Structures are given as C-alpha cells and as structure tokens.
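Trainee: Dumping the structure here so I can ask a few things about it.
The values are calculated or read from the model by the stated rules, or taken from the named source; none is laboratory data. Computed from a predicted model, the values in this text were never measured in an experiment. Here the Cβ is made from the backbone with ideal geometry for all residues, glycine too, and neighbour counts use every protein chain on show. Just the protein is used for accessible areas: all its heavy atoms, side chains included, with ligands, DNA and RNA removed. Shrake-Rupley method; radii C 1.70, N 1.55, O 1.52, S 1.80 Å.
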Amino acid sequence: MQVTLKILRFDPQKDQRPHWETYQVEAEPWDRVLDLLHKVKWDQDGTLAFRRSCGHGICGSDAMLINGKNRLACKTLVKDLGSVITVEPIRGLPVEKDLIVDMEPFFAAYRAVKPYLINDEPPPQRERLQSPEERERFDQGTKCILCASCTTSCPVFWVNGTYIGPAAIVQAHRFLFDSRDRGKRERFKALGSGSGVWRCRTAYNCTEACPREIPVTQLIEEVKRAILMDRF
Amino acid sequence: MAHRHEVIVVGAGGAGLATALYAAREGADVAVVSKLYPTRSHTGAAQGGIGAALGNVEEDHWEWHMFDTVKGGDYLTDQDAAEVFAKEVIEAVIELEHMGLPFDRLPNGKIAQRRFGGHTKDWGKAPVHRAAHAADRTGHMILQTLYQQCVKHNITFYNEFHVTDVILEDGVAKGLVALELATGELHLFQAKAIVIASGGFGRIYKVTSNAYTLTGDLQAILYRKGLPLEDMEFYQFHPTGLYPLGILLTEGARGEGGILRNALGERFMERYAPTIKDLAPRDLVSRAMYLEVREGRGCGPKKDHVLLDLTHLPPEVIEKKLPDITEFSRIYLGVDPLKEPVPVMPTAHYAMGGIPTTLWGQVIKGEKNTVVPGLYAAGEAACVSLHGANRLGTNSLGDLVVFGRRAGIHAARFAKDADYHELTEAHLGESRERIERIKNSTGKEKVAALRAELQQSMMDHASVFRTGELLKKQVEILKELMDRYKRISIDDKGDAYNTELVEALELGYLLEVSEALVHSALNRTESRGAHAREDYPERDDQNWLKHTLAYKVEDGKVAFRYKPVVLGRFEPKARTY
C-alpha cells in the first residue's frame, strides 16, 4: 500500500523553525512506523534524523508523536494507523534535530528521585529474602524503559518543565514499594517538593501513552498516598 | 575538546556498566563513552535469565555448570575461564540481588530459577533449574540495575559519543577519539586504561535479534590496527527468532515447557536430542530447524519456518512468566501464543568470537598471551574464551557481570600505578580524514544498498550451514563490497546528529568483522559448535582443538595464528544430548 508520511523536520544549522515535509512510501500493513522512517532515510533523504536501536520496544529510543499520540515507532504498525501518518518529536523537551530531542532534562528528573536501592544494612551472605507477593507489589514500575512517552504527554510537564514528571515518579514507586528499600524519606524530598507529585492533575495522558502498559497514573496516586500517610 | 579519566569504558551495556561500577568501587576516576544513551543498549533485550548454580529449586553445583558450559562450547571453551565463571557467577547473581535487581521469587523468598537449553544436572542426565530470572526481561533488569548503581556512584557518562579511533602507540593503549553526535565535534579522550565493552555485530546478517546499532565498531577498529580477532567463525543463531522479523523469543519459553513442531505437528527435537529434546543447545536446535525445512517439513505457504507451541501451557504461566514475548507475537504477527503456535526460524544472535583477552580482561595480541598494556575488553565484544564454539543460553548475562567485574577491577588497579600518555590534536587526524572523505565524497554507492547486499550475502553464504564453495564466494563478494565502500557518498553534510554519517562508518566496521568471520570459517576445515561445514561434517580434535587468531593483512587478505585450548577437568568427548 501507498502511505503518505508527514514528518516535522528541523535542522538547527539551516532552519529558523520546524516545518512539515511529506514523503510517499510503499509499505506493508504489518510494517512498523520505524520501517517507514528507514525507507525515507535509506531511499529518499539521508538527512532525516531519529533515534532507534533495538527495533522491538525494549530500548526506549524511538518515542515519537505519531498521529497525535506518543508511541514507539518500532511498536506501532501501519495497519493500525491508515494511509496518512504524521510523525513529530515528543513534546516538552528541546528539539535538537528532526525527531531527536534533548533527553537531559528527562534524565535529570530521573536522577532526582534517587533511582537506586537504598539500604545500608549489611547484606546477608546469600540473597535477601522477598516473598512473591512483596515482589509483585512493585512489578509494574520495573517494566519502565525510560522512553519518556509518559512525561512528554503530560500537560503539566508541557507548561512547567521543572515538574519531575510521570516517569521519574514511576521509578520512585518501583523503590518505595520494594520491601528491601529504606530510602523513603530521602526520595520524599524530591517527590513532595513544588516540582514533585502534587503537580499531577490526573489527566491520565501518561497511562494512555505508556508503551509498556504501566498504569502510570495509578502509581502516581499510590506515591501521593504514601507521602500523605507518612505525614500523619 | 579533550577529556581525561583514569579508566574509560567504551559501551554502556551490561558489560560496560559492570566494568565501570567495579572500577569506580576500586576508587578509580571512571567515564563511560557510548554511542547510545545508557539503558538503550542491547543487554536490555536479553530475556530468559542468568544461569548460576544457586541450587534454589533443586540440587545444583558449579562443577555441573562448568561441565555444561565446556560441553556446550564443543570443548573449545577454555576450561580455566569456565571454572572461574561457574564459581563467580553465583556470587555475581547474589550481588545483583543486593544491588536491588528484582528477581522473581520462590514461595520461600529465594530467587526463582527456570530450566534453559544445555543446562543439566548430574553431567547431562536431565535439564536443571539454573536460570535466575525476572519474568522474561532479565536483561532489562540487569541493565537498569547496573545503570542505577552507576548513577549512585556518580560515574561520568559521555552519551551519544561514537568512538572512531583507539590510540595505540608503542604497543600501548593511550586514548580514544570519539565523535559527539549532537555537535559533530571530535573529542580526544586520554586514559590510563581503556575497556572495550561495545557488544556484538549481529547486523552483518539480514535476519538478526540484534539492535540496528550492533555493528562491531571496536572489534573492527582494533582489527584494522593489526590486533587479532579470536574464533570469529563461531557465530550463534538463536533457534527461536520470531518469523520473519528475527525478534528474539526466549529459550525460557522452552524452559517453561514450550515445544518445537514441524508441519506434521511432530516434536522433531526428539529425533535430534533424545535426552533433553527442545532444551538442547542452540547450535543443535538451529541446525535441526534448518534440516526440517530443507527436508520439506517446514510450515506456512512457503514451508520456510517451524512452530513454537506454547498452547498446552497454563495461560497464567505464559502471561506471568513470558509476558514480553507473548506481546511481541501478538503485536508483530497477530498471533496469540495462548491459542496458536508461533512461527519461528533461527536468528543471528551472538558472537562467540571477538577481542582475545586474559581472565582479567586484558587484551592479548598473540598466541603467547602477550598483553597490550592499558587495553581491556569484556562482554560480547571480547573472547575470553568462555563460550568456545557455542554459547549456552543465559551465559552471556553471567559473562558480562563476571568478566566485566574482573576487567573493571584490573583496569582500576592498573591505572593506579600508570601515567597518562601525551596526546595532541594530531591524534584526531585519522578520524577527521575518514569522516571528511565520506562527507565530501561524490561517489555513486549508497550505504543502505551496500549494507543490504552484505546482509543478504552473509545470510546465504556464511550462516548456519557452510561449505568451502559458498565461503569462497563470500570472500570475493566481501572484496568487491569493500572496494565499492570506498565510493560511498551521503546526503547529510551537516554536523548535528549526522546519523547518516554514523551509518556509513558502521558499514565499514560490518565489512571488517564479516571479513574476519568468513576467512576464519573458510580456514577451519571441521565442524564444531556453531561452525557447521557440510564439506567437513566431523569435529577434528587432532587438527582443530585450537583457537583461531585472525589478523588483517590488507582488504581481502587475512593471516592466521593459533592458540591452544586450555583443557583441564573435562576431556573432549563426543557431544550428544
């Protein structure tokens, strides 16, 4: 089938502002949007820039705004989009070139919640014990691939770039609800601050955007409750 | 710009992050240079588990794990490496747990373990539960956990820096040159010790489980500089690639009870490996699948694949223990593994060969194990040689933690007593020239077209089954492709995120590692592990119980030297399962 692919292009060395370019691409219904981007880059215009690596939704490189929704280009098929497809960079992060954005603010927010197990007790000789139920409690957050689909779909993040955003809160949740972790208070500093969880207005965009089907909004609510419970 | 760190690690996958972490714990000033953002690396695609004789589910011993690794490697495995590995991987898994890795758990709270190909109890009698796992995203969790620890230890990262040169002078590693993707600027990195942990090169083949970015960059750079590549003829095809894309479906699916069937519905592995059947090592299973298809028992309209049947498993096992591969099958093929079997065919997966190292990751330059001071390698980029002629499932994740840790510790200690070497702008010259040549070229050859020819021809002439005739043909094709590569040109002349330039550089590396692989495969006139020569179907211990060291002489010309296999506990025997 013939697909009309509209891509929002921007070259920092040439352009004042982004502009749309249209490409006609021959595609199969089961092709990934990533395949179409490759067809443009490899057969029509080598200057098109985008990030990709694994090609099957595990590495988190290729989150883009596809037909108005944040998705991974490698996990979105032509058959689910129709014959006109628009692709733009994810929103709220500075565009560097074409579909590539500056990820540094995103990773800065990630680092702010101390995304690592905090536990200074001397570990046992063997593994720490954890029941399957305790393990299940934080399972959802462990699926996160840091693709930024959630954070860059959040209207609060769009207007207030200092908000740490859903992805960082998901990471915090993953440790807050891990029976082995002792870092609650340390993380609450970032999470309870003016740029933390209270900025969330439960728009649910993040949950809809997550390519890993993590119930992001629910996890944010659980973090809010944990902070409140801690105060009383 | 110039930078200086005591230990610089190239690559931010599992091996690179483990190296960086343990070097930092030794007190070294460490930086990681990666062409990707951390957590984008392909360790994250590893699914099934990390094998260690924890014995949490049933009796197990590191000696059994060592034996399985040596036998799985068709006795080309160096037994000192296998012993160190089988012992230390137990400690490594415990340390990962202490770092917070969310392993699945048994009802008693211990780490859960599953069965996996080639891992057996009692010296091959039956499959054993050895693979510690986190659903079917164990690699993802290892990558995330190691990166989390690197954040905790404040390790410096140069993200999206594409290494273009390793500075080797007077037999010593002095530094690196890397292209900053955001700006197009070349940076000079001064280091006391450099660790190569840049992963494999599955993209030499058309059908592969590997990321687009796995192009053997650093193997090729060292090979061009006259350092050897070891055992490159041994390349693993994973049996269950989602057909036709090649996306990995974990062997854990068979570990949980999945069965391979041909067009007759027959469980054909019973014929090839009567004892452990579908859980035979990957080289055997991949060959069996090719033979089934060749003999007309393939499935589908083209009779060109087989089926992975999970439909007899309880739905909760599939949904809970194999959620990601279930999703891949549903999304990319529209096939629900709960209801119908999944089309699969072998997919290019893992390089057993690579940059030769000692047990501490030091790069060696010849059969006498002479080290290159300051240069280290770990993970898939390296060849220690733990995997021999065929790697067992889960041993790649174990490898990168065990030998990443060793390389990190040794590099940090080496750096303490070493001095920095003088580097100047002149060291950027070679990289600058190569980049300018590509950018300014008006040649008619295109990167994507040449790469597609390479990938198809490698698939046709140098994949699961090989013959002298086909390999000779591929030698000629590679010579021609290398010649045409000199005339490639690109559209993008800009500086910022010139990903077309990166692809052009990567194609050059793919051609180099293909050359080393094909010449080594033509040279080895026997069949062993993943290297199956139809014109030499038998293993020949008399002449070939030795490692290949391939040295580039010029394009199309490769010289060979050989290194003895380190034997020991286990005498080479016929390999049956």
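Trainee: Take the protein assembly as shown, compute every pairwise Cα distance, and split them into 10 Å bins from 0; I just need the percent in each bin.
Mentor: 3, 14, 25, 28, 21, 8, 1, 0
Trainee: Across the stretch B:520-535, in residue order, what do the Karplus-derived ³J(HN,Hα) couplings come to in whole Hz, using 6.51 cos²θ - 1.76 cosθ + 1.60 with θ = phi - 60° and x for Gly and Pro?
Mentor: 5, 5, 5, 5, 8, 8, 7, 10, 8, x, 6, 9, 10, 9, 5, 8
Trainee: May I pose another question? How high is the relative contact order of chain A, in percent, with contacts defined as C-alpha pairs under 8 Å that are six or more residues apart? It would help to have the intermediate numbers written out before the result.
Mentor: Working: 397 pairs, mean separation 42.6, N = 232.
With pairs under 8 Å counted, the relative contact order is 18 percent.
Trainee: Run down the lysines and flag those whose C-alpha is under 17 Å from the C-alpha of residue B:320, throwing out any fewer than 8 positions away in its chain.
Mentor: A:143, B:339
Trainee: Let me confirm one metric for peptide B:107-118, namely the mean number of other chain beta-carbon atoms within 10 Å of its residues' beta-carbons.
Mentor: Whole-number average of other-chain Cβ neighbours for B:107-118 is 2.
Trainee: What is the Cα radius of gyration of the stretch A:104-231 over 2.2 N^0.38 Å, N being its residue count? Intermediate values should be presented prior to the final figure.
Mentor: On the way: Rg = 14.4 Å, N = 128, 2.2 N^0.38 = 13.9 Å.
The stretch A:104-231 yields a ratio of 1.04.
Trainee: Please compute how much accessible surface disappears when B pairs with A, both sides summed, using a 1.4 Å probe, and round it to the nearest 100 Å². Don't skip to the answer; put the middle values down first.
Mentor: Numbers: alone 20560 and 12310 Å², together 27540 Å².
Interface area, both chains combined: 5300 Å², rounded to the nearest 100.
Trainee: Residue by residue through the stretch A:53-60, what is 3J(HN,Hα) from phi via Karplus (6.51 cos²θ - 1.76 cosθ + 1.60, θ = phi - 60°)? Round to whole Hz and write x for glycine and proline.
Mentor: Result, ordered by residue: 9, 6, x, 9, x, 10, 8, x Hz.
Trainee: Any chance you could look up the accessible area of residue B:61 with a 1.4 Å probe, heavy atoms only, rounded to 10 Å²?
Mentor: Estimated to the nearest 10 Å², residue B:61 gives 70 Å².
Trainee: Whole angstrom only: what separates the Cα centroid of the stretch B:369-436 from the Cα centroid of the stretch B:33-77?
Mentor: Centre-to-centre (Cα) distance: 20 Å.
Trainee: Taking the Cβ of residue B:242 as the center, what net charge do the other residues with Cβ under 12 Å away carry, scoring Lys and Arg +1 and Asp and Glu -1? Mind showing how you got there, number by number?
Mentor: Details: positive: B:330; negative: B:324, B:327.
Neighbourhood net charge equals -1.
Trainee: Name the long-range amide H neighbours of residue B:157: under 5 Å, sequence gap of 5 or more, or other chain; modelled H, no Pro or chain starts.
Mentor: B:32
Trainee: Also: For A:189, B:557, what's the largest-to-smallest order of accessible area, 1.4 Å probe?
Mentor: A:189, B:557
Trainee: I would also like to ask the following. Could you order B:493, B:225 so the one with the most accessible surface comes first? Probe is 1.4 Å.
Mentor: Values: B:493 105, B:225 80 Å².
I get B:493, B:225, largest accessible area first.
Trainee: Taking the Cα centre of each part, how many Å lie between the stretch A:207-232 and the stretch A:85-144?
Mentor: Taking the Cα centre of each part, the stretch A:207-232 and the stretch A:85-144 sit 14 Å apart.
Trainee: Same structure again: Which residues among the stretch A:115-140 fall inside the zone where the amide N is under 13 Å from a point 7 Å beyond the Cα of residue A:186, along Cα→Cβ?
Mentor: Within reach of a label on residue A:186: A:115-121.
Trainee: Expressed as a rounded percentage, what relative contact order does chain B have, with Cα pairs under 8 Å and six or more residues apart?
Mentor: Working: 1408 pairs, mean separation 124.7, N = 577.
22 percent.
Trainee: Moving on to the next point. Which of the residues in the stretch B:214-251 show a loss of at least 30 Å² in accessible area from their chain by itself to the complete set of protein chains, at a probe of 1.4 Å?
Mentor: B:247
Trainee: Counting only protein heavy atoms and using a 1.4 Å probe, what share of the accessible area of the stretch B:428-524 belongs to carbon plus sulfur, as a whole percent?
Mentor: On the way: 1820 of 3580 Å².
On the stretch B:428-524, the fraction of accessible area on carbon and sulfur atoms equals 51 percent.
Trainee: Another question, then. Run the helix sum for the protein assembly as shown: -39,500 (n - 2.57) per DSSP H stretch of 4+ residues, divided by residue count, reported at 222 nm to the nearest 500 deg cm²/dmol. List each step's numbers first, then the result.
Mentor: Details: 25 runs with 268 residues, N = 809.
Calculated from helices alone, the mean residue ellipticity at 222 nm is -10000 deg cm²/dmol.
Trainee: Amide H neighbours of residue A:61 under 5 Å, at least 5 residues apart or on other chains, H built in the peptide plane: list them.
Mentor: A:53, A:54
Trainee: With every protein chain present, what accessible area does residue B:62 have (1.4 Å probe, heavy atoms only), rounded to the nearest 10 Å²?
Mentor: 50
Trainee: Tabulate in residue order the Karplus-calculated ³J(HN,Hα) for the stretch B:362-375, using 6.51 cos²θ - 1.76 cosθ + 1.60 with θ = phi - 60°, rounded to whole Hz; enter x for Gly and Pro.
Mentor: Going residue by residue, I get 6, 6, 10, 10, x, 5, 8, 6, 5, 8, 8, x, x, 10 Hz, with x marking Gly and Pro.
Trainee: Describe numerically, in nm with one decimal, the distance between label points set 7 Å from Cα along Cα→Cβ at residue A:67 and at residue B:291.
Mentor: 4.7
Trainee: Excluding ligands, DNA and RNA, what is the solvent-accessible area per residue of the stretch B:528-577 at a probe of 1.4 Å, expressed in Å²? Show your work: numbers first, answer last.
Mentor: Values: 2760 Å² over 50 residues.
Per-residue value: 55 Å².
Trainee: Give A:69/A:114; B:225/B:486; B:71/B:365; B:302/B:446; B:439/B:557 a once-over and call out the pairs whose C-alpha atoms are over 20 Å from each other. Kindly include the intermediate steps, with their values, before the conclusion.
Mentor: Working: A:69/A:114 29 Å; B:225/B:486 18 Å; B:71/B:365 27 Å; B:302/B:446 31 Å; B:439/B:557 28 Å.
Long pairs (Cα-Cα over 20 Å): A:69/A:114; B:71/B:365; B:302/B:446; B:439/B:557.
Trainee: Quick one: Cα centre-to-centre distance for the stretch B:319-359 and the stretch B:528-559, in angstrom?
Mentor: 29
Trainee: At 1.4 Å probe size, with the rest of the protein present, what percent of the exposed accessible area of the stretch B:144-274 is carbon and sulfur atoms?
Mentor: On the way: 1440 of 3040 Å².
Here it works out to 47 percent.
Trainee: Just to compare against my own numbers: the Cα pair-distance distribution for chain A, 10 Å bins, whole % per bin, please.
Mentor: 8, 30, 30, 19, 10, 3, 0
Trainee: Could I ask something else about it? Which percent, to the nearest 5, of DSSP beta bridges fully inside the protein assembly as shown are antiparallel? Spell out each step's value before the answer.
Mentor: Numbers: 69 of 98 bridges.
In the protein assembly as shown, DSSP labels about 70 percent of beta bridges as antiparallel.
Trainee: If you take every residue apart from residue B:83 with its C-beta less than 12 Å away from the C-beta of residue B:83, what net charge results, scoring Lys and Arg +1 and Asp and Glu -1? Intermediate results must be reported in sequence, preceding the final value.
Mentor: On the way: positive: B:87, B:569; negative: B:63, B:78, B:80, B:88.
Charge balance near residue B:83 sits at -2.
Trainee: A follow-up question, please. Hey, can you grab everything whose amide H is under 5 Å from the amide H of residue A:101? Only 5+ residues off in sequence or another chain; H modelled, so Pro and N-termini drop out.
Mentor: Distant-sequence amide H within range of residue A:101: A:96.
Trainee: Under the definition of Cα pairs under 8 Å and six or more residues apart, what whole-number percent is the relative contact order of the stretch A:2-101? Display every interim value, and only then the final one.
Mentor: Details: 187 pairs, mean separation 35.1, N = 100.
That works out to 35 percent.
Trainee: In whole percent, how big is the carbon plus sulfur part of the accessible area of chain A, probe 1.4 Å, protein atoms only? If you can, show how the numbers build up before the last one.
Mentor: Details: 4880 of 9700 Å².
Taking all protein chains in place, chain A shows 50 percent carbon and sulfur surface.
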